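Below is one structure; the comments refer to it alone.
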Amino acid sequence: MKKASVLVLLMALMMAVPVHAQKVLNVIGDSYVANHKRPAEEAWHSKLAAELGYTYHNYGRNGSCVAFDRSHDGQWNFGPALWMRYTAMSPDADYVLIVAGHNDADKVKNNPDSLQMFADSLEVLLTGIEKLCPKAKIGYVTPWYVDSPGFDVVCKVIQKACKRHHIPVLLNYDEKCVIQVRDEAFRKKYFQAPNDMAHLNAAGHDLFLPVAKKWFLKHVAKP
């Protein structure tokens, strides 16, 4: 066989070898995901995907709840609840991160019926994502350590539900969380506004990224 023919054959074989596709990361949730008034590219999960070379899909929406439809909630249209809109996600995800609960906590407060609605809706959401994205490893990131009614109980429900589904949880409702949401000086430096208790600015996302990345690699993306 001539050298030219051999070269052509080798090139054809190389082209026939399948290229390993990038891993796909879906992130679904509220304004913690949409990043409120700032570009989503500044958010820690976007930077996480970039650092790991993943294809990144952002399904965040300001005001979104796990349980409560907010399509006609006052003057704003915050859209349907996550347990309904998760079906819009890409089903070929290798990883899915759920970052939600802040708006549910605001709704639940001290109402046991609303808390039960949250628990039931969360179960539907987790089961639905498992079916929609059968190969995906799922992780859940809770709200910050906000000093308001509803946050404690909502985060406890998240932990219990995720434990049943063997889904790792990054529990941020903890006084030791690096995001010191109850500290006014901290908020002035790391949140989008001094009285904001939800939305990190670029510096805040950079601060949280190493914590989230360590958790993600250890508990979600582990072999």
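Just so it is clear, none of the values below were taken in a lab; they were calculated from the coordinates. For clarity, every value in this text was computed on a predicted model and none was experimentally measured. Cβ placement follows ideal geometry from the backbone for every residue including glycine, while neighbour counts extend to all protein chains displayed.
Overview of results
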| read-out | value |
| --- | --- |
| Using alpha-carbon coordinates, inclination of helix 112-132 to the longest axis of the chain, degrees | 0 degrees |
| Computed P(r) (all Cα pairs; the range 122-192; 5 Å bins; percent) | 3, 15, 22, 20, 14, 11, 9, 4, 1 |
| Dipole of the range 21-220, positive end: most advanced residue of Trp215, Val169, Ala105 [Cβ charges, Cα centre] | Trp215 |
| Part-to-part distance (alpha-carbon centres) for the range 125-167 and the range 33-99, which is given in Å | 14 Å |
| Share of Cα-Cα pairs in the chain lying beyond 24 Å, as whole percent | 45 percent |
| On Cα atoms only, tilt of 151-164 relative to the major axis of the chain in degrees | 40 degrees |
| Residues listed by number, the range 144-182, amide nitrogen under 16 Å from Lys109 label point at 7 Å toward C-beta | 147-154 |
| Helix-only mean residue ellipticity at 222 nm for the chain, each DSSP H run of n ≥ 4 adding -39500 (n - 2.57), per residue, nearest 500 | -12500 deg cm²/dmol |
| Nearest 10 degrees, 0 to 90: helix 3-16 Cα axis against the chain principal axis | 20 degrees |
| Electrostatic dipole magnitude of the range 11-156 [Cβ: Lys, Arg +1; Asp, Glu -1; Cα centre; debye, to 20] | 300 debye |
| Modelled FRET efficiency - R0 22 Å, Asp174 with Thr127, Cβ distances, 0.05 increments | 0.25 |
| Among the listed pairs Lys47/Lys176; Lys23/Lys218; Lys137/Lys214, those beyond 20 Å (Cα-Cα) | Lys47/Lys176 |
